[in-house]
Every structure is written in structure tokens, then in C-alpha cells.
1. Between residue 54 and residues 5 or more places away or on another chain, which pairs have amide H atoms under 5 Å apart, with H built 1.01 Å from N, and which residues are they?
2. For the chain, modelled as a Gaussian network with Cα springs under 10 Å, which listed residue fluctuates most, 194, 12, 260?
3. If neighbour count is taken as other Cβ atoms inside 10 Å, put 156, 101, 36 in order from fewest to most.
4. Per DSSP helix of 4 or more residues, -39500 (n - 2.57); summed, then divided by the residues of the chain. What does that give at 222 nm, rounded to the nearest 500?
5. For the chain, count all C-alpha to C-alpha pairs, find those more than 31 Å apart, and express that count as a whole percent of the total.
6. Taking loop as defined by DSSP and a crowding limit of 16 other beta carbons within 10 Å, which trypsin sites (Lys or Arg not before Pro) in the range 184-282 fit?
7. Using a Gaussian network model of the chain whose springs link C-alpha atoms within less than 10 Å, name the residue from 240, 123, 256 with the highest mean-square fluctuation.
8. Please go through the residue pairs 46/258; 139/215; 137/166; 18/38; 46/137 and name each one whose alpha carbons sit more than 24 Å apart in this structure.
Amino acid sequence: MATIVGGIATSHIPTIGKAIGKGWCNEPEWKPFFDSYKPVHAWLEKVRPDVAVVVYNDHGLNFFLNNMPTFAVGAAARYDNSDEGWGLNVVPPFAGYPEFSWGLIESMVADEFDITSCQEMLVDHGFTVAMGLLWPKEKGPCPVRTVPISVNTVQSPLPSPARCYKLGRALGKAIEAFDEDLRVVVVGTGGLSHQLDGTRAGFVNKDFDLLCMEKIVTDPEALTDYSIPDLIRLTGAQGVEVIQWLVMRGALTGQVSKVHSRYHGVISNTSAAVMVLENSCADERHAREHVLQEHL
Ligand code: DHB
Ligand code: FE
């Protein structure tokens, strides 16, 4: 049975990808931001995941307005990046894991989620910036195989926060049903508050961002009461990307504890933040309780 070691939430702002590409991580204006990922690296070295399921939103690289799946799951052996027009370096391909992807897709479809399966899928900055932050190339080759999951935040109608949380629930169940001894981390990328276009361009809402960061740990269901129009009003048109965090949180099946949390503030137009949530599984809990009882 696969084990979910935990979840990570992170922003995926293209400017961060530019800083990674240029090697600016130790420049004074970038160092505090990149340093906030050091505890994430330490945690990843401790939990040693084999696979990363990365929940993000494609921004027009693989899917465009003419073909927009609500929930798309990668089922390819490798995922290429390509030029999106942001001026970012195209990064090398990421390893996929088709058998695991199909296991997830079958289980989620059986759970009544109508998934689009993608045996070819380009991954954009929503995926690559997060991967570059979590597994910097300076630390060696990327140690995880990946499953990209794209949730539509681009073209109306978007799935509601409640639906995204339920998708996460189905994803967690699907991961644990996979009959291999794998350690899996679930990553949700995007947000926090931002609006890139229209009269509210530049809008951020720090109070609501901090509320999301609190509730995602202790009471994620409170966030499922919001509608998409509520989120657009409170977080900006693109701030709705926080629904990717809710999918990630929904997938954590066990007892969840916060390992690391950092609200950085605005980069480009977006409130940047990162969180690490550890998932202690029922099995591990039982094992610990058992050991404890033996010592009593
Ligand atoms: C920005 C943020 C995003 O999430 C994105 O996808 C593109 C741009 C920004 O703040 O510049
Ligand atoms: Fe985005």
C-alpha cells in the first residue's frame, strides 16, 4: 500500500522561475524567500518521497480555451516543459509513472470524478516552478517520479472549493489503494491572493491569505463554504488558485500537523507562501500506540 507522507502548498509565480534560472537565490532581494524553503528541503530529506503528485493549474500551455478539462491527470512516462512566453528557461523533462497514474485515475473515476486522462501533457510554470523550489537542481537529480494533476482555474465554470476538497479525498483514497510500497507527497501549487488583469490588477488580501493558511491546517472544511465568486472577490481573479491547496489538503488521510509555514508577502503581483503538512497515517499511529503499550 502506498503511504502519503504529507502535503506541501507553494506559490508558483513565474518570476520565481526566472530567479531560479538566473541563479539569484542568494541575491539579497531573493535570499529571504529562497531560505524559507530550507525547512521544506530538510523535511523532504527526512520523509524521502518516491513520488510527487502535483496539483496545479495549467495556464494555457497544454490546455487552451478550446479544450478545457476540469480535472486532468497525467498518465505519461515523461512530462516536457515548453516556452510559455514568460521568458523562463525551458527546464528538462520530469519522470512520470504511468502505472501509478492509471491506478489513481481508475480509483477516482470509480469514485464518480470524471477525469481527463492525459498520456501526453506539457507542464507549465504551475508545475515546474514548484518542482524547482522543492528539488533545486543544485541538490542533484530530481529524486521523485511525478503525477501532474491540472485543475481548471482559467475558464468558467470552475470547480467549487467543496468539489476540489472532495477530489482531494478521492485522490488520497486512490493513492492509498495503490498496491506498492511507495512514499507519496502531494503538492498543491498556486496563489495566494492575486489578480493579474482588469481594474483590480494588483489586488492582494493578506488577512484572507493568513486565514487560509490557518484553516488549511486545522479546519479545511471551513474553506469549502466559499463559492468561486466569493474567492474571486476575496482573493482576486487568479487567487482562486488556492483551490489547488484544498485538493492537496483533502488528500491527507491521517492526522495532519504543520511542520513549516511561511507567508513571504508579495512577489510580482502575488502573495507568496509555503506550507508543509505532515500526514501521520493510521497504520503508523497504530504502530506507535502499540509500541507505547508494550512499554507501559
Ligand atoms: C503571476 C502569478 C501567477 O500565479 C501566475 O500564474 C502568473 C503570474 C504573477 O504574480 O506575476
Ligand atoms: Fe498561476
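Values in this text are rule-based calculations from the coordinates and carry no lab data. Note that the structure is predicted; figures quoted are calculated from it, not measured. Glycine gets a Cβ as well: all are built from the backbone with ideal geometry, and neighbour counts include every protein chain shown.
1. Here 147, 149, 187 satisfy the definition.
2. Residue with maximal mean-square fluctuation among 194, 12, 260: 260.
3. Going from sparsest to densest Cβ surroundings: 156, 36, 101.
4. For the chain, the value works out to -11000 deg cm²/dmol.
5. Working: 9624 of 43660 pairs.
Result for the distance tail: 22 percent.
6. 200
7. 256
8. 139/215; 137/166
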